[in-house]
Amino acid sequence: MDLTVTIGSGTLPNPVGVASGTFGFGEEYGRLIDLSRLGAVYAKALTLEHRPGNDTPRMVETPSGMLNSIGLANPGWERFRVEKAPFLRDMACPAVLNIGGKKESDYLELVEKCEELDCHWGYEINISCPNVKAGGLAFGTDTHQVESLTKKLRPLTKKPLIMKLTPNVTDIGEIAKAAEAGGADAVSAINTLKGMVIDTKKRRPVIPAGTAGLSGAAVRPVGVACVYRIAQCVSLPIIGLGGIFTADHAIQYLLAGASAVQVGTALFVDPRIPLQVLEGIEAYMDANGFTSLKDFHGHF
Amino acid sequence: MDLTVTIGSGTLPNPVGVASGTFGFGEEYGRLIDLSRLGAVYAKALTLEHRPGNDTPRMVETPSGMLNSIGLANPGWERFRVEKAPFLRDMACPAVLNIGGKKESDYLELVEKCEELDCHWGYEINISCPNVKAGGLAFGTDTHQVESLTKKLRPLTKKPLIMKLTPNVTDIGEIAKAAEAGGADAVSAINTLKGMVIDTKKRRPVIPAGTAGLSGAAVRPVGVACVYRIAQCVSLPIIGLGGIFTADHAIQYLLAGASAVQVGTALFVDPRIPLQVLEGIEAYMDANGFTSLKDFHGHF
Amino acid sequence: MEQFHSEVISCRESARDYYELIFTWKGPVPLPGQFLTLRCWEGDSPLLRRPFALSSYDAAERRASLIFQKRGPATSLMTHLKTGDHMDILGPLGGTFPPPETGRRPVITGGGIGTGPVLFLADALSRAGLRPLLVLGFRDKNFVPRVHLPLGCETVICTDDGSAGQEGTVIDYLRSRDDLAGSHFYGCGPNPMLKGLHELAVEQNAPCSVSVEEVMACGIGACQGCAIPVNLPRKFLRVCQDGPVFDSRILVWT
Amino acid sequence: MEQFHSEVISCRESARDYYELIFTWKGPVPLPGQFLTLRCWEGDSPLLRRPFALSSYDAAERRASLIFQKRGPATSLMTHLKTGDHMDILGPLGGTFPPPETGRRPVITGGGIGTGPVLFLADALSRAGLRPLLVLGFRDKNFVPRVHLPLGCETVICTDDGSAGQEGTVIDYLRSRDDLAGSHFYGCGPNPMLKGLHELAVEQNAPCSVSVEEVMACGIGACQGCAIPVNLPRKFLRVCQDGPVFDSRILVWT
Ligand SMILES: Cc1cc2nc3c(=O)[nH]c(=O)nc-3n(C[C@H](O)[C@H](O)[C@H](O)COP(=O)(O)OP(=O)(O)OC[C@H]3O[C@@H](n4cnc5c(N)ncnc54)[C@H](O)[C@@H]3O)c2cc1C
Ligand SMILES: Cc1cc2nc3c(=O)[nH]c(=O)nc-3n(C[C@H](O)[C@H](O)[C@H](O)COP(=O)(O)OP(=O)(O)OC[C@H]3O[C@@H](n4cnc5c(N)ncnc54)[C@H](O)[C@@H]3O)c2cc1C
Ligand SMILES: Cc1cc2nc3c(=O)[nH]c(=O)nc-3n(C[C@H](O)[C@H](O)[C@H](O)COP(=O)(O)O)c2cc1C
Ligand SMILES: Cc1cc2nc3c(=O)[nH]c(=O)nc-3n(C[C@H](O)[C@H](O)[C@H](O)COP(=O)(O)O)c2cc1C
Ligand code: FES
Ligand code: FES
């Protein structure tokens, strides 16, 4: 049984990764689970400058989900290269850097800098974070900006280049086409949905920023529908995520057209879930005589 | 305490209605709850022609929510006027007709026909149903079409004209602006989110149509965020819905900028919820010295 | 139809993964074939009420029962119900099994989650002196429920592996009998069984009333969610309101 | 830190809406101030694990305890825990209360959901011969927990209405004592109490270590969700990893 996933110039050992922002830079969960069995660690968003993050509280639970407004809190490039990159380099599974920024030049400059390092397998470009004022989501909702950014990033690296898409658009298929036209190797979807919870006693949003990003089981049907739509529009590999808690959920994404998946919020419920998902995918392939991940595609 | 809500030329006795498609044309739930205490019954979508509806199964439960793909099943204008309109006319609370169609002329023709009747208080124009192939959602995602349709509907009736918006767009605020520019009296939001569940044993979507509409508690944070966004963009009254199960949830919508609310999926959980929501809103207003629904606005 | 509060009288495992739930009933008198929807948990997940057919009603004691199979989240929670626990019930819902056509003997088949409603039906028809034949099918002896079988009613148990009663399916058994001409067939259970029953009835030119299930939201006819395809101009009927019992000839058998 | 399976030894109401939960502990030895996250329910709602500070640890028996208040969905479910029930635990998490600065007497204050961790701390410091003063505050006598108070430790109970122990808040009581110069203050509980303690400590130029809470997702430092604002150049620290115990002077008191 072949579990590998090829994305551009790279190959992942298996399809199950952990989602950006939910796994830090790998150290913390590395104390709890065997990183060598993961398909990839998609690292916490990285930006050129240190970002302290948004005001608190930053999270609130919602029905079968949660809102977060972390605000891409991260140490910034300088501290990253010293404090985090060495761990990623020595980590027993591929690391994907999640790149954030306010304007096009931020993304370009950061990828150029990261090319100096050898700690990573590829890039996931975060053009879909609902929790930063400038950049982030703005890029991800406009086909021209997505194509333009992807085109400019493409020559900067030979490593796999994944554009991470937002579900907060009229047609995510169009955005995926723009990423494909720009030369991306893959797209990942979905980032969080825009959501809001209001504290009716205090009469203001629970999260000071107002809206925040919805993730978890609640958004799974939305994520599966997005991946299905993208698969109708592009021939790029798709990395599916949003509310994956069990192998069955991951298989839904694979059947919808994904070639790999990520586990995010579910880690907060049980850190063993990514490895259970992987085992469940293997068992399903075994039971159904699938020999590679391609066998998940084209059933409907 | 003044609980009335003014929308265009009309006034609703209180802000709590029941959502289109979840309450039929009022007869069934009328046997269980006191309709005279409802702010309004938003009737099941009506189309010119009889619609048998989509293939089955049409529903599946999801985490804290459900998908439906009813496909605007309804008896069509001719049977409606004979079988349903008399009940609505005699009903003890205002009826709002939910108007569906495939193309602009369908909506215009149906509203013209409905003007012959006296069974209703106003119109909710469904330009946001994800479950019909032509029309529905297509209209609701394009500002030009929304403005154009609203403009053409406006002269046809003096009754309140409510445009029902979809959350499946990049910026629901822009769509609301188009409805306002076209002369709508109000907007209601949200209709269902696009979602999909796949049966991994059968390897096909549980609902034959593929994608379907997500509703229920899971979507509440999305609905509140949409209403908040709309309130920043237009000065029309907003009718908020999506996942309202308790008075606290309705109050979140009111604080976000809504002037009225609708209860949908929650009816399936407990038919008494709309009346409990109304009582809870009254208690909240009482406890906080609110004298009218306007007091909910402008807190943040 | 009424929404009312009910208390659990007892809940016990009656066969492997099957439970018999007995509870107080404050609503209008329910008849065989009718169902209820219930909720006996808090919170957002599971969300929707769940429908179950009634398996008996005791008018003197104002108590009813149902037999449920543990399948997913809601029925798993229900296995923990204890005496005195509270349930929110909406019922009775839907239509009833029609009486047998004049002069025809009722032949009632059931199995799996269809066991409850056919027990209720067999009991009612027995009491009415209509001498039904009741044929119940199960995978093996572990699935044969330890519940009261209707008195004064010819009852046959079938198991796929012959570990209890007759070996084979309910349909095999019916086909092995040569005294069933002039029957009115009734059924509730797995689809292959209902289809087999329908085909037998068509061959014998006999009436056949089957109770079917579909995922439900409102349960009272308002949402059109529980539609099933039918051989009628309107293409679909609602299981909750137009059913759950249908003449097998209007259903689409695939 | 380890993820392990635990069994409930007992769960009983120890004051109005407060419960003491005792359970088996298979992880590394926990220290006062540390916490765990747990899940003892199935399904999607409530979703996230819930964090609770430890209130005791018995190394010989390998059992630990916590005191929790019934507040929302998760803690409501926890009130039904029975002997033998299973829990999934991740712990011990976070840092510990620091030892008192040399020569200073530990003065430990607690109340509400902060009762558990200060009991653990007072017990540990008593055993170490550091003669702590423990001052616990509650709304009224119904909220005073019926739990073992640390032996050999001066303990004062305060209630807002004087229905048990001293009348008034913990801070009122501390201010009424004139022998507290040279203390190292510790606190866990409602924000007004912690703020009062911080102000007292600043006045007396005494060290003050407080344990705070914030909504958590990962509980292990990975998600940045539990950040709280601090008077440091980096602006925020993580409660789960950098705390939950902080020097009160780096926190932002509003
Ligand atoms: C009219 C009617 C009568 C029924 N009578 C009985 C009975 O007497 N005994 C019995 O054990 N079961 C009966 N059922 C089926 C019962 O409703 C389902 O087993 C139950 O809803 C499963 O819920 P769950 O959360 O445990 O499992 P889920 O995981 O939700 O579902 C398990 C299976 O049950 C079906 N199901 C789920 N939700 C519903 C719903 N709202 N309505 C209908 N089917 C659903 C799904 O197709 C799924 O395959 C009846 C269903 C209907 C429609
Ligand atoms: C480090 C730490 C130690 C704690 N120790 C204790 C303790 O010893 N005893 C005790 O009773 N409680 C303790 N808590 C608080 C406890 O975690 C919450 O009361 C519990 O999560 C509430 O869950 P719920 O579903 O019952 O209520 P909810 O309705 O979810 O929440 C009730 C309140 O608890 C807070 N809360 C909700 N979820 C979390 C979360 N994941 N993390 C933190 N706070 C949350 C919310 O702000 C809300 O106001 C501690 C919290 C932290 C962070
Ligand atoms: C606490 C938190 C922080 C996140 N931070 C990031 C981030 O830095 N970059 C990013 O691309 N996505 C981020 N996400 C989004 C997730 O990677 C993922 O797209 C989303 O949560 C949906 O998946 P899930 O439901 O499995 O969590 C974050 C999500 C959460 C819950
Ligand atoms: C079964 C079902 C049928 C629906 N049919 C319609 C419809 O005919 N017209 C319409 O505008 N909205 C329809 N909706 C959408 C609801 O009116 C509402 O916008 C949506 O469900 C969100 O609210 P809720 O979460 O309270 O259900 C339907 C929803 C459900 C669940
Ligand atoms: S379940 Fe709503 S019509 Fe049948
Ligand atoms: S809860 Fe994730 S960093 Fe603290």
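Can you tell me which of A:V111, A:V222, A:V146 moves the most in a GNM of chain A? Springs connect C-alpha atoms under 10 Å apart.
Maximum among the listed residues: A:V222.
Tabulate in residue order the Karplus-calculated ³J(HN,Hα) for the range D:57-74, using 6.51 cos²θ - 1.76 cosθ + 1.60 with θ = phi - 60°, rounded to whole Hz; enter x for Gly and Pro.
After applying 6.51 cos²θ - 1.76 cosθ + 1.60, I find 9, 10, 5, 5, 8, 6, 10, 10, 9, 8, 10, 10, 9, 6, 10, x, x, 5 Hz.
C:P229 label points, 7 Å along Cα→Cβ, one per copy: pairwise distances from this copy to the rest in nm, shortest first?
Nearest to farthest, the other copies are at 6.2 nm.
Determine the dipole magnitude for the range A:93-214: charges of +1 sit on the beta-carbon of Lys and Arg, -1 on that of Asp and Glu, nothing else is charged, the reference point is the Cα centre, and the result goes in debye to the nearest 20.
680
Hey, what D do you get for the range A:236-275 in µm²/s if you plug the Kirkwood alpha-carbon radius into Stokes-Einstein at 25 °C and 0.890 mPa s?
In µm²/s, the coefficient is 243.
Within the range C:112-147, find all residues whose amide N lies under 16 Å from a label point positioned 7 Å from the Cα of C:V29 along Cα-to-beta-carbon.
C:121, C:123-129
From the Cα gyration tensor of the range B:144-300, with a ≥ b ≥ c the square roots of its eigenvalues, which class applies: rounded if a/c is under 1.5, or else prolate if a/b is larger than b/c, or else oblate?
Because a/c hits 1.5 or more and a/b fails to exceed b/c, the range B:144-300 counts as oblate.
For peptide B:190-196, compute the average count of partner chain beta-carbon atoms within 10 Å of each residue's beta-carbon.
Per residue, the average neighbour count from other chains is 5.
Report, in order of residue number, the helices in chain B meeting two criteria: a C-alpha extent of 18 Å or more along the helix axis, and a mean Kyte-Doolittle hydropathy of at least 0.0; treat each whole DSSP H run as one helix.
Both cut-offs are met by B:220-233, B:273-287.
Any idea what the relative contact order of chain B is, in percent, if you count C-alpha pairs under 8 Å spaced at least 6 apart?
Relative CO of chain B lands at 19 percent.
HN-Hα J couplings of the range A:293-300 from phi, Karplus 6.51/-1.76/1.60, θ = phi - 60°, integer Hz, Gly and Pro as x?
5, 4, 5, 6, 8, x, 7, 8
Pairs D:K82/D:K141; B:K151/B:K294; A:K152/A:K194; B:K44/B:K151; A:K84/A:K113: which are spaced more than 18 Å apart, C-alpha to C-alpha?
Those over the limit are D:K82/D:K141; B:K151/B:K294; A:K152/A:K194; B:K44/B:K151.
So the label point sits 7 Å from Cα along the Cα-to-Cβ vector; using that for A:P155, what distances do you get to the other copies, in nanometres, sorted shortest first?
The projected label point of A:P155 is separated from its counterparts by 5.6 nm.
Over 34 Å, how big is the tail of the calculated P(r) for chain B, in percent of all Cα pairs?
So the pairs more than 34 Å apart make up 13 percent of the total in chain B.
Can you compute log10 of I(q)/I(0) for chain C with the Debye formula, treating each Cα as one identical point scatterer, at q = 0.08, 0.15 Å⁻¹?
-0.29, -1.08
Which value, in debye to the nearest 20, gives the size of the charge dipole of the range B:8-156 about its Cα centre, when Lys and Arg are +1 and Asp and Glu are -1 at the Cβ?
120
Does the range D:151-222 classify as rounded, prolate or oblate by the C-alpha gyration tensor (a ≥ b ≥ c root eigenvalues; a/c under 1.5 gives rounded; else a/b over b/c gives prolate, otherwise oblate)?
Verdict is prolate for the range D:151-222.
Can you sort B:Y107, D:Y173 from fewest to most other Cβ atoms within 10 Å of each residue's own Cβ?
Lowest to highest Cβ neighbour count: D:Y173, B:Y107.
Between D:R12 and D:I250, how high is the FRET efficiency from 1/(1 + (r/R0)^6) when r is the Cβ-Cβ distance and R₀ = 60 Å? Nearest 0.05.
0.95
Putting +1 on Lys and Arg Cβ atoms and -1 on Asp and Glu Cβ atoms, find which of C:I171, C:A128, C:L194 reaches farthest to the positive end of the dipole of the range C:105-211.
Positive-end residue among those listed: C:A128.
Counting partner chain Cβ atoms within 10 Å of every residue's Cβ in A:22-33, what's the average?
That works out to 4 on average.
Cα centroid distance between the range C:179-200 and the range C:85-155, in Å?
14
In nm, to one decimal, how far is the modelled label at A:K113 from the one at C:S76, with both set 7 Å along Cα→Cβ?
Using points 7 Å along Cα→Cβ, the separation is 4.7 nm.
Once you've got the GNM for chain C with C-alpha springs shorter than 10 Å, pick whichever of C:S14, C:S209, C:S55 has the biggest mean-square fluctuation.
C:S14
List the residues whose amide H sits under 5 Å from the amide H of D:L251, counting only those 5 or more places along or on another chain, with H placed 1.01 Å from N in the peptide plane.
Amide H neighbours of D:L251: D:N231.
Where in the range B:18-84 are there GluC sites (Glu not before Pro) that are in a DSSP coil and have at most 16 other Cβ atoms within 10 angstrom of their Cβ?
B:E49
Quick one: 3J(HN,Hα) in Hz for the range A:199-210, Karplus 6.51/-1.76/1.60 with θ = phi - 60°, rounded, Gly and Pro as x.
My calculation for the range A:199-210 gives 7, 6, 6, 7, 6, 7, x, 4, 9, x, 5, x Hz in order.
Looking at chain D, identify the longest residue range that excludes and avoids all GluC sites (Glu not before Pro) in DSSP loops having at most 14 other Cβ atoms within 10 Å.
Longest gap between qualifying sites, sites excluded: D:102-254.
Would you mind ranking B:Y228, C:Y57 so that the residue whose beta carbon has the fewest other beta carbons within 10 Å leads the list?
C:Y57, B:Y228
Just want the answer: with Cβ charges of +1 for Lys and Arg and -1 for Asp and Glu, which residue in A:A178, C:S211, A:L193 is farthest toward the dipole's positive end in the protein assembly as shown?
Of the options given, the answer is A:A178.
Relative contact order of the range B:1-108, please, whole-number percent, based on alpha carbon pairs below 8 angstrom and at least 6 residues apart.
28
Is there a quick way to get the dipole size of the protein assembly as shown? I mean about its Cα centre, with the Cβ of Lys and Arg at +1 and of Asp and Glu at -1; what is the value in debye to the nearest 20?
Charge dipole, the protein assembly as shown, about its Cα centre: 580 debye, nearest 20.
Given a Förster radius of 30 Å and the C-beta distance between C:K235 and A:H297 as r, what FRET efficiency does 1/(1 + (r/R0)^6) yield to the nearest 0.05?
Working from the Cβ atoms, E equals 0.35.
If you wrap a convex hull around the C-alpha atoms of the range D:2-93 and split its volume per residue, what is the figure in Å³?
Once divided by residue count, the hull of the range D:2-93 is 88 Å³.
Just to confirm the number: angle between the C-alpha axis of helix D:115-127 and the first principal axis of chain D, 0 to 90 degrees, nearest 10?
So the helix axis and the longest Cα principal axis differ by about 70 degrees.
Helix-derived [θ] at 222 nm for chain A: sum -39500 (n - 2.57) over DSSP H runs of at least 4, divide by residue count, nearest 500?
Computed ellipticity for chain A at 222 nm equals -9000 deg cm²/dmol.
Remind me, what semi-axes does the range C:105-211 give for its equivalent ellipsoid, largest first in whole Å, using sqrt of 5 times each Cα gyration tensor eigenvalue?
19, 17, 12
Using a Gaussian network model of chain C whose springs link C-alpha atoms within less than 10 Å, name the residue from C:R238, C:R71, C:R127 with the highest mean-square fluctuation.
Result for chain C, Cα springs under 10 Å: C:R71 fluctuates most.
How about the range A:37-112: which trypsin sites (Lys or Arg not before Pro) there are in a DSSP loop, with at most 14 other Cβ atoms within 10 Å of their Cβ?
A:K103
Report, in degrees rounded to the nearest 10, the 0 to 90 angle that the Cα long axis of helix D:191-203 makes with the longest principal axis of chain D.
Once rounded, the angle reads 40 degrees.
I'm a student and want to see the number: the projected area of the Cα convex hull of the protein assembly as shown, averaged over all directions, in nm².
Mean projected area of the Cα convex hull: 46.0 nm².
How far, in nm, would the chain grow between A:E49 and A:Q232 when pulled straight, counting 0.36 nm per residue and subtracting the alpha carbon separation?
Using 0.36 nm per residue and subtracting the Cα-Cα distance, I get 62.1 nm.
What ranking do A:M285, A:M66 get, fewest neighbouring Cβ atoms within 10 angstrom at the top?
Sorted ascending by nearby Cβ count, the order is A:M285, A:M66.
Placing the label point 7 Å from Cα along the Cα-to-Cβ direction, what are the distances from B:H144 to the equivalent spots in the other copies, shortest first, in nm to one decimal?
B:H144 label point versus its equivalents elsewhere: 1.6 nm.
Just counting partner chain Cβ atoms within 10 Å, what average do the residues of peptide A:67-75 show around their Cβ?
3
FYI, it's all coordinate maths here, none of it is from the lab. Everything numeric here is computed off the predicted structure, so don't read it as measured data. Quick reminder, even Gly has a Cβ in these numbers, built from the backbone with ideal geometry, and neighbours come from all protein chains shown.
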